[in-house]
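Before any comments, here is the structure.
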Amino acid sequence: METPITGAEQFRSEFLHLLLSRRSPQVPLMAESSKPVENPMYQADVPSTEAIESCPREDIGNLKEMLKEENLHLHTEAAEQGRLPLLILSLKEKSEEKRPAVVFMHGTNGNKEWLRPWLEAYASRGYVAIGLDSRYHGERANCKTAYRDALISSWRNGNTMPFIFDTVWDLIKLAEYLTQREDIDPERIGITGISLGGMHAWFAAAADTRYSVVVPLIGVQGFRWAIDHDEWEGRVNSIKPLFEEARIDLGKNKIDKEVVEKVWNRIAPGLASQFDSPYSLPVIAPRPLYILNGGKDPRNPLGGLVVPLKRARKAYKKTASHGEFKFVSEDGVGHELTSFMIKESSDWFDKFLKKEDHDL
């Protein structure tokens, strides 16, 4: 039987091979200064910020004046989408001590500017807080249908992976950049995200060990299980125009499990097979991982997590890090971000990334 480490190395090798298979030419890793976004692009109704505004923050009366803001573009590949927009907030500290960092990922149709209250809260507590626009979102969207159009194009042409995987490539390059920064402790970089952003955080951590603490919010699910048990509708409805186009192309009267499987295999190869949660969650061990979902979330049905969670717990036990894995499904909550999730994730990062605890 393979040890978790050996299995993790094989997983990462195969996953990286997939990411490289649909990649434009490589470019030098370079960050350029940019300007703040005045009118952020939303491709749907602007979601509520109530939950992220509840994030614990230090009581700093003049926080706005104390914040250092950086707007950057990081070059991750040669293609048009290879310019990764970053919003980085931190305190204007006099100390030169390296600080912990957390990367924050927005959900479908959102952008990094929506994350600002969350970024400010973490910056107030001594973190370097990094928000970014995922592929075809925010600054990387040229119209209100950019993400939808990219998904359909991927289905038709099979040359990009706009659902999860292309942004994971960006996050690998981002980790490379962050570990080179003089203000960040390269051993203390966390990642979290909401919904689609939770998927980004989960897969980025599976792909790159430089993300040392991981908290996916309302994103972790079993793609293969959902197909096999006809529980795919909630996830499909979140990007339904893609599946409607595939249905028409396949000559079907309605979307069924065959359509769903063919779409996943086309736009994100391996998502419902060798890279699915039963295989990707365990390779995050032994790094601290806290998964928070809603107990009644139709996009992330709990039945699809039985096997992945079992395998993850086994991996954490094998690496003698059982206490560094946690899963909570919040009772009665659907596909919704809650203040409880925000507070729990905040405590988790403080526990494993703050220096006083990190040095114990």
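The values are calculated or read from the model by the stated rules, or taken from the named source; none is laboratory data. Here the structure is a predicted model, which is why all the values come from computation and not from measurement. Neighbour counts are summed over all protein chains in view; Cβ atoms, including those assigned to glycine, are modelled from backbone coordinates with ideal geometry.
Of all residues in the stretch 41-62, count the ones that are among the polar types (S, T, N, Q), over 13 Å from residue 91 (Cα atoms) and either touching a His at 6+ places or on another chain (Cβ under 6 Å) or free of Cβ contacts under 8 Å to residues at least 60 places away in the same chain (or both).
Residues meeting the conditions: 1.
State yes or no: is residue 276 of a type in the set (Asp, Glu), closer than 16 Å to residue 164 by Cβ and either surrounded by fewer than 21 Cβ atoms within 10 Å (Cβ to Cβ) or touching a residue at least 12 places away in the same chain (Cβ under 8 Å) (or both)?
Details: of a type in the set (Asp, Glu): yes; closer than 16 Å to residue 164 by Cβ: yes; either surrounded by fewer than 21 Cβ atoms within 10 Å (Cβ to Cβ) or touching a residue at least 12 places away in the same chain (Cβ under 8 Å) (or both): yes.
Yes, satisfied.
I'd like to check something: does the stretch 210-228 contain any residue that is among the polar types (S, T, N, Q), surrounded by fewer than 24 Cβ atoms within 10 Å (Cβ to Cβ) and outside any helix (DSSP H, G or I)?
Yes, some residue in the stretch 210-228 is among the polar types (S, T, N, Q), surrounded by fewer than 24 Cβ atoms within 10 Å (Cβ to Cβ) and outside any helix (DSSP H, G or I).
Just one of 83, 99 is under 15 Å from residue 124 (Cα atoms), charged (D, E, K, R) and in contact with a strand residue (DSSP E or B) (Cβ under 7 Å, 6 or more places away or on another chain); which is it?
Values: 83 fails: under 15 Å from residue 124 (Cα atoms).
Exactly one residue qualifies, and that residue is 99.
Name the single residue that is surrounded by the fewest Cβ atoms within 10 Å (Cβ to Cβ) among those in the stretch 249-273 being among the aliphatic types (A, V, I, L, M) and assigned to a loop (DSSP other than H, G, I, E, B).
Within the stretch 249-273, the match that is surrounded by the fewest Cβ atoms within 10 Å (Cβ to Cβ) is 250.
Just one of the numbered conditions (1) surrounded by fewer than 14 Cβ atoms within 10 Å (Cβ to Cβ); (2) of a type outside the set (Val, Ile, Thr); (3) free of Cβ contacts under 8 Å to residues at least 60 places away in the same chain; (4) outside any strand (DSSP E or B) is not true of residue 68; which one?
(4)
Quick one: which residue in 256, 249, 230, 208 is at positive phi and at pLDDT 95 or above?
Selected residue: 230, the only one of 256, 249, 230, 208 that is at positive phi and at pLDDT 95 or above.
Of everything in the stretch 134-159, what is of a type in the set (Ser, Thr, Tyr) and within 18 Å of the chain's Cα centre (by Cα)? Give them in sequence order.
Result: 134, 136, 147.
From the list 314, 310, which residue is free of Cβ contacts under 8 Å to residues at least 24 places away in the same chain, over 16 Å from residue 226 (Cβ atoms) and part of a helix (DSSP H, G or I)?
Result: 310 is the single residue among 314, 310 that is free of Cβ contacts under 8 Å to residues at least 24 places away in the same chain, over 16 Å from residue 226 (Cβ atoms) and part of a helix (DSSP H, G or I).
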